[in-house]
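The values are calculated or read from the model by the stated rules, or taken from the named source; none is laboratory data. Computed from a predicted model, the values in this text were never measured in an experiment. Quick reminder, even Gly has a Cβ in these numbers, built from the backbone with ideal geometry, and neighbours come from all protein chains shown.
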Amino acid sequence: METSKQSSSTTKDEAELKLSIENVRKQFLLEASKEPDLYYQCDIESVKSDQWWTERFIKWNQRNETNALKQMLNTFRWRKSFGIHDRTAIDIPREFVKAAGIFPYGNDHKNRPILYIRVKVYQNIQQLKEFFQQFVAGIVNHVDQLGGRNGFVVVYDASEAGWRNLDYEFIQFLLQLFQHYYPYGLRYIIFYKFSKILQPFWKLSRLVLGSASRTFHFCNTAEELAAFIPKQYILRYMGGESDFDFTDYVEVRNAPSVRELAVRYGFTVEEVNKFIAIFEEQFRETDRIRNIKKK
């Protein structure tokens, strides 16, 4: 009898959600048709063909259709104004990839794609801020598409990170992506070798993403990571079995260097030399851990 009631309740809930999706999607398409230049046509087609693009906003806003519609409109306008589909590898310095501060790799036990963020190699370069935000948004968009309604996972590698690696502006941008523009995509964050220095990030993440225990996990060993991620996808320097070269992706092998972009964007020789000095320090650290091999 109890099972029958639960089944009936589930069916009713699914019907209500389906109706909400239809309502919000219909309103979104109507509003978007009034100002088509504010949206990518390919995004409009995605909304029409994939209900997840509507459902995620409804779930994030706890079934409030008005709020879901508002956030959905803002998100797809942002995608166009930010140029999420406009840039390719030739617009981003290849040093970002070689430094490997953020990269996608592997899947967790539930087949969710993983986004690795290595805090130690991050250092704010103000003149390259816009480029880096475009680079990060492109990667988040990529793992979000791979995960779909299954979502994605973030491994926040804080090992050996220090004060200079903290950048509130970048942290806020990253959390804004997860909360506003890709809601219900991030399933959980693993903080790897988290230190007291990074407490501000933890507090801000908890404030923005919620305090549910299922959202955040703290790991210090490969064995602890293996509870979430198969060992073949845990990198060697973290105690895993993967020798994946996270500094080399086919898609960006022909990307220009920051020196090559200097003329296009008006950077001076002095600025470029400063950028290169910072990147070279990041390369040395990345090469050190990348060259850790199986004993």
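Quick notes
- None of Lys129, Lys110 is closer than 14 Å to Tyr188 by Cα and surrounded by fewer than 19 Cβ atoms within 10 Å (Cβ to Cβ) except Lys110.
- Residue satisfying all of: in region 92-141; of a type in the set (Gly, Ala, Ser) and touching a helix residue (DSSP H, G or I) at 6+ places or on another chain (Cβ under 8 Å); nearest to Tyr182 (Cα to Cα) among these: Ala137
- Residue match in region 192-201 (condition: of a type outside the set (D, E, K, R), more than 21 Å from the chain's Cα centre (by Cα) and at pLDDT below 85): yes
- Residue list for region 250-283, filter: outside any helix (DSSP H, G or I) and under 26 Å from the mean Cα position of the chain (by Cα): Arg253, Asn254, Ala255, Pro256, Ser257
- Top-ranked residue of region 242-257 - restricted to ones that are touching a Lys or Arg at 6+ places or on another chain (Cβ under 8 Å) and surrounded by 15 or more Cβ atoms within 10 Å (Cβ to Cβ), ranked as farthest from Asp91 (Cα to Cα): Ser242
- Considering region 1-60, the qualifying helices (runs of 4 or more DSSP H), each wholly inside and each with 3 or more residues that are over 15 Å from Phe76 (Cα atoms) and modelled with pLDDT under 95, run over 2-34.
- Some residue of region 284-292 being more than 20 Å from Val97 (Cα to Cα), more than 22 Å from the chain's Cα centre (by Cα) and part of a loop (DSSP other than H, G, I, E, B): no
- Lys110 touching a Ser or Thr at 6+ places or on another chain (Cβ under 7 Å) and charged (D, E, K, R): no
- Residues that are of a type in the set (Asp, Glu) and not assigned by TED's automatic domain parsing to the domain that holds Tyr39 number at least 1 in the following strands (runs of 3 or more DSSP E) confined to region 76-185: 152-157.
- Test: residue in region 74-93 that is within 25 Å of Met238 (Cβ to Cβ) and crowded, with 16+ Cβ neighbours inside 10 Å: no
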